[in-house]
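Trainee: This is the structure, below, for whatever I ask next.
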Amino acid sequence: RRSIVTSLHVTQQRRVTPTNSIIQGQIPRRMIICCCEQDAYHGIINKSPFLFQPYAIQSVKVTAGGQSYPAHPFRLDFTNHNFLQAYVQLFQALGLANDNRGNGITRAEFEASHCFFAFDLSSDSDDAGHWDTIKDGTTSVEIQFGQNLPTSGVQVIVYAEFDSMLSIDRNRIAHFDYTA
């Protein structure tokens, strides 16, 4: 597997992420999305870039190859503690939902400072080592915010994980299924 990290800036005046095609080409197998304050992202010394707050997010949706994940976007309300769907999906997308182990993020931490939205974009749900065909398309992220963002704006950080294949032919030449 290979991974990339990319980001998208949302200005203070916006309540929804700008129209984007955050990834073009191969559709990721898994995506994890979080938000941090723009100043912290760019290294302002008195702000932590590891504080991933929910910023009153009302809905999160990923569109990959024309298909929406989840099929019905989460309807979240962090002020009334209505975020359990997204919290459970974090465990499901990481493959931890049916195991007796965790990721170290409690519900209180998820709500306050570790707000990660995870999406499993593969067609097999159990990640049991099956071959999944690699698909090409455009992947976009849509987040709706319920209140004004900080004055510097918010940086949406996207971690995407892709399936890859490495093969070595009889002449001992390595071949990749992607270009680096």
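Trainee: About its Cα centre, what dipole magnitude does the chain give when the only charges are +1 on Lys and Arg Cβ and -1 on Asp and Glu Cβ, stated in debye to the nearest 20? Write out the running numbers ahead of the final one.
Mentor: Details: 14 positive and 17 negative charges, 55 e Å.
Computed charge dipole of the chain: roughly 260 debye.
Trainee: Can you give the relative contact order of the chain as a percent, counting alpha carbon pairs under 8 Å and 6+ residues apart? Walk me through the numbers before you get to the answer.
Mentor: Working: 358 pairs, mean separation 80.1, N = 180.
It comes to 45 percent, rounded to a whole number.
Trainee: Which far-off residues, 5 or more places away or on another chain, put their amide H under 5 Å from the one on residue 137, with H placed in the peptide plane?
Mentor: 25, 26, 27
Trainee: Just to be sure I understand: if I project the alpha-carbon convex hull of the range 3-56 onto a plane and average over all orientations, what area do I get in nm²? Walk me through the intermediate numbers first.
Mentor: Details: hull surface 19.4 nm².
Result: 4.9 nm².
Trainee: Scan around residue 116 for amide H atoms under 5 Å from its own, H built in the peptide plane at 1.01 Å from N, and keep only partners 5 or more places away or cross-chain.
Mentor: Correct list: empty.
Trainee: Moving on. Dipole magnitude of the range 1-87 about its Cα centre, charges +1 at Lys/Arg Cβ and -1 at Asp/Glu Cβ only, in debye to the nearest 20?
Mentor: On the way: 9 positive and 3 negative charges, 69 e Å.
So the dipole magnitude of the range 1-87 works out to roughly 320 debye.
Trainee: Another one. Can you run phi through the Karplus equation (6.51, -1.76, 1.60; θ = phi - 60°) for the range 24-39 and list ³J(HN,Hα) in whole Hz, with x for Gly and Pro?
Mentor: The phi angles translate into 10, x, 5, 7, x, 7, 8, 9, 10, 10, 8, 10, 9, 5, 4, 4 Hz.
Trainee: Okay, moving on. At 1.567 mPa s and 4 °C, plugging the Kirkwood radius over alpha-carbon pairs of the range 80-165 into Stokes-Einstein gives what diffusion coefficient in µm²/s? Working shown, then result.
Mentor: Working: Rh = 15.5 Å.
Value of D from the Cα-based Kirkwood radius: 83 µm²/s.
Trainee: Sticking with this one: If exposed means no more than 11 neighbouring beta carbons inside 10 Å and the site is in a DSSP loop, what's the longest run of the chain without any exposed chymotrypsin sites (Phe, Trp or Tyr not before Pro)?
Mentor: Numbers: sites that count: 50, 131.
Value returned for the longest uninterrupted segment is 51-130.
Trainee: At a 1.4 Å probe radius, carbon and sulfur cover how many percent of the accessible area of the chain? Write down the numbers at each step before the final one.
Mentor: Values: 5120 of 10430 Å².
Summing carbon and sulfur atoms, their accessible area is 49 percent of the total for the chain.
The values are calculated or read from the model by the stated rules, or taken from the named source; none is laboratory data. It should be emphasised that the depicted structure is a prediction, and the values quoted were computed from it without experimental measurement. As a convention, Cβ positions derive from the backbone with ideal geometry for all residues, glycine included, and neighbour counts pool all protein chains shown. We work out accessible area using only protein heavy atoms, side chains counted, and drop any ligands, DNA or RNA first. Shrake-Rupley method; radii C 1.70, N 1.55, O 1.52, S 1.80 Å.
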